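For reference, the structure discussed in these notes is given below.
Just so you know, all these numbers are worked out from the coordinates, no wet-lab data involved. In this text, all values refer to a predicted model and were calculated from it rather than measured experimentally. Cβ placement follows ideal geometry from the backbone for every residue including glycine, while neighbour counts extend to all protein chains displayed.
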């Protein structure tokens, strides 16, 4: 994949926001705490990156994102390449935006 294959509108802050929202929705579902922490960690790592995630994907360097294991790197790649994430779309259907974690 080269940079031209990346979805042009996905910025690091947008990607990080999606992964943070996934963590919140998993928290609402009372999912595995380690899974929730993994999504939060990767959101934080993406926020702190000095290079665009799309560039890391294009250069096959996505494993350089701290906290991004195999499952999350596949999700990041899907998001960068297509501009959407099927897993996130399913979570949004299960837990609409009106469902909020209390205290947030």
Cα→Cβ-extended label distance, 7 Å offset, between residue 89 and residue 60, nm: 2.8
Contact order normalised by residue count of segment 1-92, Cα under 8 Å, 6+ apart, percent: 38
Alpha-carbon Rg with Dmax, taken over segment 18-104, Å: 13.1, 40
Segment residue 70-residue 82, extension gain: residue separation times 0.36 nm, minus the distance between their alpha carbons: 2.5 nm
